[in-house]
Amino acid sequence: MKNEYEDYERYMKNRPHVVILGAGASCAAIPNGDKHGKKISAMSGFIEKLGLSSVISKVDIRTSSDNLEDIYMELDERSKSDPLCQEVKEELEKIIWEYMSDYQLPDTPTIYDFLVMSLTSKNLIATFNWDPFLVQAIGRAMKYTSNIPQVAFLHGNVAVGFCVENNIMGNVGMICPKCGIPLAPTKLLFPIKKKDYNSDIAISKAWKTLNNALEKAYMVTVFGYSAPKSDAEAVAMMKKAWGSVNERNLEEIELIDIRDEEAVIESWSEFIHTHHYSYNTSFFDSTLARCPRRTCEATFDRLMNCIWLDGSKGFKDNMSFADISKFISPLVVEEGNAKGKGIILSNPYQ
């Protein structure tokens, strides 16, 4: 009986933790701006931020909304029969690409740095964001450990390149190791109501990666993603992969969002089994920060083994890269020693 429970515990603790990122995560990562003070905003702030009014004014926009998402959807629909709308739409896409590509993480640790180093290779970070912050954070994390999470760019990304011929993804412009041709920029999926997630190989691959991880996941964290109306199809695809809530009675959903708790819970109610969720307004109150690199292990111990966790441990927002390295070093060593042995990693957060 003991061996059976140990097998079950090993299985549960080795399941993936999936993190889904929206625009709110990037806003939280650089509250004071990027390395050069450049701030980021959600769709509602894009028009003013990017100085897009002069471009949009070339056509008679019918929507009363000042949200770029609504304006772009109108342009996309009208572009099918109006060449001027097509021209303005393409100009908007070019400006957005150039604007996003210019972002750079500050030299000090950001939430993205903490996030990447809070997870291991069995876990997945899936992002809807176009900005290069996650890619830059991965590059910085590689200085401290090669055991980093998988990533999936669900709407494309300005920093990511892809070789269609050899199915290889990496930093945009990087030389493909097989054909020697620079990796081409991935397509960006802009905010239209009906997105074709299978029209682009790189994006289709990202969704398959997310769906496979969601099917196996023990924990899912949704960070700063409000599931906007233009992403209804995306949410439906995630729900299909997640399956019936009644069959997910042991899994945990973690929500990090500054919106009202009731609104956030309502957005993700189809993924939550009864009380199996937590809501936080700060990343540093989440399991990712409190129990880095052992999120599933610590959560199983807390819920199934009835072990109290010490909330004072984990990442703190004033840590330097040296502090983070010192903290995760023994965990990384343990991970290396345990690799391929099928053993349960320790939970240092008791």
Could you please put M304, M237, M73 in sequence from largest to smallest accessible area, using a 1.4 Å probe? M304, M237, M73
What number in nm² do you get for the chain if you take the convex hull of its Cα atoms and divide its surface by four? 19.3
Once you keep just the Cα pairs under 8 angstrom separated by 6 or more residues, what percentage relative contact order results for the chain? 19
Grab the Cα-Cα distance for H273 and Y8, subtract it from 0.36 nm times how many residues apart they are, and report the gain in nm with one decimal. 93.3 nm
Pairs of alpha-carbon atoms within less than 8 angstrom and 6+ residues apart define the contacts here; what relative contact order does segment 182-289 have, in percent? 25
Given H placed 1.01 Å from N in the peptide plane, which residues other than close sequence neighbours of Y277 have an amide H under 5 Å from its amide H? I253
Length released on extending from E262 to S146, taking residue separation times 0.36 nm less the Cα-Cα span: 37.9 nm
Residue-ordered couplings for segment 83-100, obtained by feeding phi - 60° into the Karplus form 6.51 cos²θ - 1.76 cosθ + 1.60 and rounding to whole Hz (Gly and Pro as x), are x, 5, 5, 5, 5, 5, 4, 5, 5, 4, 4, 5, 5, 4, 4, 5, 5, 5
Among DSSP bridges having both ends in the chain, what percentage is antiparallel? Round to the nearest 5. 25
Using a 1.4 Å probe on the protein chains only, how many percent of the accessible area of the chain belongs to carbon and sulfur? 52
The chain, accessible area per residue, ligands and nucleic acids excluded (1.4 Å, Å²): 47
Suppose every K and R has +1 on its Cβ and every D and E has -1 on its Cβ; what is the size of the dipole of segment 1-149 about the Cα centre, in Debye to the nearest 20? 660
Would you please give the FRET efficiency between S41 and A322, computed as 1/(1 + (r/R0)^6) with r the Cβ-Cβ distance and R0 = 41 Å, to the nearest 0.05? 0.80
I'd like the antiparallel share, as a percent to the nearest 5, of DSSP beta bridges with both residues in segment 178-295. 0
With all distinct Cα pairs included, what does the Kirkwood hydrodynamic radius of segment 1-65 come out to in Å, to one decimal, could you say? 16.5
In segment 20-97, lysine pairs 8 or more places apart or on different chains with C-alpha atoms under 22 Å apart total 13
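Viscosity 1.567 mPa s, temperature 4 °C: Stokes-Einstein D of segment 170-245 from its Kirkwood Cα radius, in µm² per second?
Estimated diffusion coefficient is 89 µm²/s.
The values are calculated or read from the model by the stated rules, or taken from the named source; none is laboratory data. Quick caveat, the model's predicted, so the values are computed rather than measured. Quick reminder, even Gly has a Cβ in these numbers, built from the backbone with ideal geometry, and neighbours come from all protein chains shown. Areas reflect the complete protein model, heavy atoms only, side chains present, ligands, DNA and RNA absent. Shrake-Rupley method; radii C 1.70, N 1.55, O 1.52, S 1.80 Å.
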